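The values are calculated or read from the model by the stated rules, or taken from the named source; none is laboratory data. What you see is a predicted model, and the numbers here were worked out from it, not measured in a lab. For neighbour counting, all protein chains shown are included, and Cβ atoms are generated from backbone atoms with ideal geometry for every residue, glycine included. The area values use the complete protein model at the heavy-atom level, side chains included, leaving out ligands, DNA and RNA. Shrake-Rupley method; radii C 1.70, N 1.55, O 1.52, S 1.80 Å.
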There are 2 protein chains.
Amino acid sequence: MPTLKYSRQREAVKEFLASRIDHPTADTVYTNLREKFPNISLGTVYRNLSLLADMGEIIKITTGDGADRFDGRITPHNHFICRKCHKVSDLEMESIDSILGIAQKNFPGKIDSHVTNFYGICGDCIKKP
Amino acid sequence: MPTLKYSRQREAVKEFLASRIDHPTADTVYTNLREKFPNISLGTVYRNLSLLADMGEIIKITTGDGADRFDGRITPHNHFICRKCHKVSDLEMESIDSILGIAQKNFPGKIDSHVTNFYGICGDCIKKP
DNA sequence: TTCGTTGCAAATGTTTTGCACCTGA
DNA sequence: TCAGGTGCAAAACATTTGCAACGAA
């Protein structure tokens, strides 16, 4: 692996994600960064998102519903995806990492992590008709 | 929603998935069904996979690693994805649905389900260098 | 100077869709 | 008959990549 070099664009991607509590797609990151870097390209955004995710400085969220989303919050937490408005929310909940032990029983490989996404109707959508 | 009509192709898609314990992609389904239906199109395969998944007769698995996969087994279970060979396996484990209650605490919406994928190194890859 | 990074555009891989024809009920 | 299903090809998306120019160390 090559040594990373500083880049304004990469810093801006990270900073932008840290400033948001929603979970932007690559395209949203791109659109917003264009204000500060009018010439930034989508390829650069994808390259940096991928690098940052590999380094563990951001989290990539795959919902299976359109484009991947990215999260600047890296403390362990889970996500909720609304079936109606497709919004992704952070869940404030106690750790469920004990499910790793449950899954590991009788399994011949080595399980080291899990990704759990919860689904349902979000608080906002419940109120609407 | 329109009334479904019988179709040989849809039956064959369902039957093919029921016959496999791995978790084929749409393209794998397509390639295999071509033996029985030389003119079947990828579009038809996708349309039927999508229909069957909506009806709950098969499960769509999004791993975030290449194409989606499909599972003909619909009894509740979880999946393991190997970081090395990217194989998807069924996990035989006790229910972890109690995490729904944990997630629901302090959450304003209505959580009705979860998808949990486990990651690590599978039994086969552990043996290899 | 060196080598990672960027912008641009083209390419890739996956999935969806428009349309004319076919088929089950 | 008629609404749903199919094959084919084109389109739509999301993401990746080749390359020449740029910029940090």
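Being within 11 Å of chain A (Cβ to nearest Cβ), without any contact (Cβ under 8 Å) to a residue 12 or more places away in the chain and not hydrophobic (A, V, I, L, M, F, W, C) is a property that does not hold for B:Gly43.
The strands (runs of 3 or more DSSP E) located wholly in the range B:1-103 that include 2 or more residues which are open to solvent by less than 20 Å² (accessible area, probe 1.4 Å) and under 25 Å from A:Pro76 (Cα atoms) occupy B:78-82, B:88-91. Residues of the range B:1-38 that are more than 10 Å from DNA strand C (Cβ to nearest atom) and either among the small types (Gly, Ala, Ser) or not assigned by TED's automatic domain parsing to the domain that holds B:Asp68 (or both): B:Ala12, B:Ala18, B:Ser19.
Which of the residues belonging to the range A:78-97 are over 18 Å from B:Thr63 (Cα atoms) and either among the polar types (S, T, N, Q) or assigned by TED's automatic domain parsing to the domain that holds A:Ser19 (or both)? Scanning the range A:78-97 gives A:Ser89, A:Ser95. For B:Ile111, the conditions (1) closer than 22 Å to A:Arg69 by Cα; (2) β-branched (Val, Ile, Thr); (3) surrounded by fewer than 17 Cβ atoms within 10 Å (Cβ to Cβ) are fulfilled apart from (3). Mind checking whether some residue in the range A:17-38 is within 14 Å of another protein chain (Cβ to nearest Cβ) and within 9 Å of DNA strand D (Cβ to nearest atom)? Yes, the range A:17-38 has at least one match. The selection criterion, being closer than 30 Å to A:Ile121 by Cα and either near DNA strand D (Cβ under 9 Å from one of its atoms) or at pLDDT below 95 (or both), holds for B:Asn48. When A:Ile99, A:Ile74, A:Ile111 are screened for being touching a Gly at 6+ places or on another chain (Cβ under 7 Å) and facing chain B (nearest Cβ under 7 Å), only A:Ile111 passes.
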